[in-house]
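What follows is a single structure, written as structure tokens, with notes after it.
The values are calculated or read from the model by the stated rules, or taken from the named source; none is laboratory data. Note that this is a predicted model, so its numbers are computed, not measured. Here the Cβ positions follow ideal geometry from the backbone for every residue, glycine too, while neighbour counts run over all protein chains shown. The area values use the complete protein model at the heavy-atom level, side chains included, leaving out ligands, DNA and RNA. Shrake-Rupley method; radii C 1.70, N 1.55, O 1.52, S 1.80 Å.
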Amino acid sequence: MENITLSLPAGRRLSGRALAGVVGSGDMEVLFTAADEPTLTIDITTSVDNSTARWQALFERLNLISGLPGGRLVIHDFGATPGVARIRIEQVFEEVSHA
């Protein structure tokens, strides 16, 4: 298991909390709590060792596409593919933006 913490600049504001995915599914769980902060703090627990560069690249891409919101994102990953990771992350951001 590897623990990764990233802190990236936030370009938009949201409010609320959201959850997507289920850890026990062999997939991943993403929890987002919005905050009025200029950064997005991301705490990742993953079963995939040496994956910091992959996660960094994923969040850089998400930032380019739609901007990252301020707050805290907690990810429990058990080998989800990058595509599934992106879907789960986008799901929590969308859920909070429509709350």
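Excluding ligands, DNA and RNA, what is the solvent-accessible area per residue of the chain at a probe of 1.4 Å, expressed in Å²? Can you show the working numbers first?
Values: 5280 Å² over 99 residues.
With all protein chains present, the chain gives 53 Å² per residue.
Under a point spin-label approximation (7 Å from Cα along Cα-to-Cβ), what is the GLU94-LEU64 distance to one decimal in nm?
2.1
Computed FRET efficiency, Cβ-Cβ of GLU2 and ARG72, R0 25 Å: what is it to the nearest 0.05?
Values: r = 19 Å, r/R0 = 0.75.
Calculated value: 0.85.
Can you give me the solvent accessible area of ASP49 with a 1.4 Å probe, rounded to the nearest 10 Å²?
90
Local charge sum around GLY21 (other residues, Cβ-Cβ under 13 Å, Lys/Arg +1, Asp/Glu -1)?
Values: positive: ARG86, ARG88; negative: ASP27, GLU29, ASP77, GLU90, GLU95.
Counting the neighbours of GLY21, the net charge comes to -3.
Using only DSSP helix segments of four residues or longer, with each worth -39500 (n - 2.57), what per-residue ellipticity at 222 nm results for the chain after dividing by its residue count and rounding to 500? Don't skip to the answer; put the middle values down first.
Values: 2 runs with 31 residues, N = 99.
Value at 222 nm, helices only: -10500 deg cm²/dmol.
How long is the gain from VAL23 to ILE87 if the chain were fully straight, where each residue apart is worth 0.36 nm and the alpha carbon distance is subtracted? Intermediate results must be reported in sequence, preceding the final value.
Details: separation 64, 0.36 × 64 = 23.04 nm, distance 1.48 nm.
Full-extension gain reported as 21.6 nm.
May I ask for the equivalent-ellipsoid semi-axes of the chain, computed as the square root of five times each C-alpha gyration tensor eigenvalue and listed largest first in whole Å? Kindly include the intermediate steps, with their values, before the conclusion.
On the way: eigenvalues 81, 44, 26 Å².
For the chain, the semi-axes come out at 20, 15, 11 Å.
Kindly write out, for the stretch 92-97 in residue order, the coupling ³J(HN,Hα) from the Karplus curve 6.51 cos²θ - 1.76 cosθ + 1.60 (θ = phi - 60°), rounded to whole Hz, with x marking Gly and Pro.
5, 5, 5, 4, 5, 5
At 7 Å along the Cα-to-beta-carbon direction for both VAL48 and ARG12, put a label point, then send me their distance in nm to one decimal.
2.5
Using θ = phi - 60° and the Karplus curve 6.51 cos²θ - 1.76 cosθ + 1.60, what whole-Hz ³J(HN,Hα) does each residue of the stretch 33-38 get, with Gly and Pro shown as x?
Computed from phi, the couplings for the stretch 33-38 are 10, 6, 8, 7, 10, x Hz.
Amide H neighbours of LEU40 under 5 Å, at least 5 residues apart or on other chains, H built in the peptide plane: list them.
Close amide H contacts, sequence-distant or interchain: LEU8, ALA10, GLY71.
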